[in-house]
Amino acid sequence: MRIILLGPPGSGKGTQAQRLVQRYGIVQLSTGEMLRAAVAAGTPVGLKAKEIMARGGLVPDDVVVGIISDRIDQPDARNGFILDGFPRTVPQAEALDELLKHKHLKLDAVIELRVNESALLNRVETRVAQMRERGEEVRVDDTPEVLTKRLASYRSLTEPLIHYYSERRKLSTIDGMMAIDEVTRAIHRQLLALGAVEPKGHARSSVTAAAGKKAVTKAKAAKKPAKTAKKPAKATKKPAKKAVKATRKTAKKAAKKAAKKAVKKGVKKAAKKVTKRRAKR
Ligand code: AMP
């Protein structure tokens, strides 16, 4: 499974990515984490990125695209991956499309965590306080001033990706203001509806898989622009149920028809026998 987590800083992408890693045994590819590691190690990439990151700017596309391309080739990413913090601009998304095409890999879904911006500053402040409590080093870009800049950059450069992936029918929007567990469940439901994961302990039958896919297609066709969708995860759930019901109904009808036919056939045969016997007499 290959997915992208999209959302502004503080939307919970990191937390949800960790849960997806545990649940599905895939790897989290966070460009922010990789760049921070490069800065800490003092590599040439790190030296290039250090200043830009400290002021909340964006590291050049060729640098991040190169990092991601190399990382996807690692054996542990073969099972699947979650891209967190990448792509961040439309040119990066285009580069990713090319890169995946070249590697013969398919993107399953783009999950957008939609949050209320006014809550973000609070969330980041809480994250900083918790990191301090654990004695961890606090990120230099986790200050109200830099966060404001990162948010502005998200709005102008990253938000256009919502339209980009929506047009390509890849986007699923989840209400990121729900409790952490609720968000995790909503993401799981969405991945199930998309057929990106299999229900736990159940082998997917071709009927339910087809029904699920049909439902997703229906839901997507009926989907309103992302802005009005409050809980899109649920929006795909209902049609999924409907489709399964419809499949069962069709199967029942077919069975009834077959039974009727069989009865008719039986009656006809019996009538023929009687006619034959009468003719003999
Ligand atoms: P994050 O941990 O995703 O918030 O990223 C921290 C910082 O790393 C960002 O503010 C950028 O400076 C840099 N960065 C991370 N990902 C990218 C990317 N895809 N493109 C450009 N810069 C990035």
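Binning the C-alpha pair distances of the range 48-164 at 10 Å intervals from 0 yields a P(r) profile of 11, 37, 35, 17, 1 %, listed from the shortest bin outward.
Could you tell me which of the pairs K48/K101; K48/K170; K50/K149; K50/K101; K48/K149; K103/K170 are separated by over 25 angstrom between their Cα atoms in the structure shown? List each step's numbers first, then the result.
On the way: K48/K101 28 Å; K48/K170 33 Å; K50/K149 16 Å; K50/K101 31 Å; K48/K149 20 Å; K103/K170 19 Å.
As for pairs spanning more than 25 Å Cα to Cα, those are K48/K101; K48/K170; K50/K101.
Taking neighbour counts of Cβ atoms within 10 Å as a proxy for exposure, in what order, fewest first, do H188, H163, H102 appear? Before the final figure, lay out the partial values.
Numbers: H188 18, H163 13, H102 9.
With the sparsest Cβ surroundings first, the list reads H102, H163, H188.
Counting neighbouring Cβ atoms within 10 Å and putting the fewest first, the residues D175, D181 line up as D181, D175. A simple rule links phi to the HN-Hα coupling: the Karplus curve 6.51 cos²θ - 1.76 cosθ + 1.60 with θ = phi - 60°, which for the range 141-149 gives 9, 9, 10, x, 5, 5, 4, 4, 5 Hz, with x for Gly and Pro. Phi-derived couplings, Karplus 6.51 cos²θ - 1.76 cosθ + 1.60 at θ = phi - 60°, listed residue by residue for the range 173-186: 9, 10, 6, x, 8, 6, 4, 3, 5, 5, 4, 4, 5, 4 Hz, with x used for Gly and Pro. The amide H of T173, built 1.01 Å from its N in the peptide plane, has E112 as neighbours under 5 Å, considering only residues 5 or more places off or on other chains.
Would you order T184, T43 from fewest to most other beta-carbon atoms within 10 Å of each residue's own beta-carbon?
T43, T184
Extents of the range 77-133, largest first, come to 43, 24, 17 Å (Cα atoms, principal axes, whole angstrom). Take the Cα of E137, step 7 Å toward its Cβ, do the same at I180, and the gap between the two points is 2.3 nm. Beyond 21 Å, how much of the Cα-Cα pair distribution for the range 1-93 remains, as a whole percent? More than 21 Å apart: 31 percent of the Cα pairs in the range 1-93.
Computed from backbone phi, the HN-Hα couplings of the range 75-92 come to x, 5, 8, 5, 6, x, 7, 10, 8, 10, x, 8, x, 10, 9, 4, x, 5 Hz, rounded to whole numbers (Karplus: 6.51 cos²θ - 1.76 cosθ + 1.60, θ = phi - 60°; Gly and Pro given as x).
Between H104 and D73, what is 0.36 nm times their sequence separation minus the Cα-Cα distance? Round to one decimal in nm.
Numbers: separation 31, 0.36 × 31 = 11.16 nm, distance 1.17 nm.
Result for the pair: 10.0 nm of gain on full extension.
Every number in this text was worked out from the coordinates using simple rules, so none of it is lab data. Because the structure is a prediction, the values reported are computed rather than measured. As a convention, Cβ positions derive from the backbone with ideal geometry for all residues, glycine included, and neighbour counts pool all protein chains shown.
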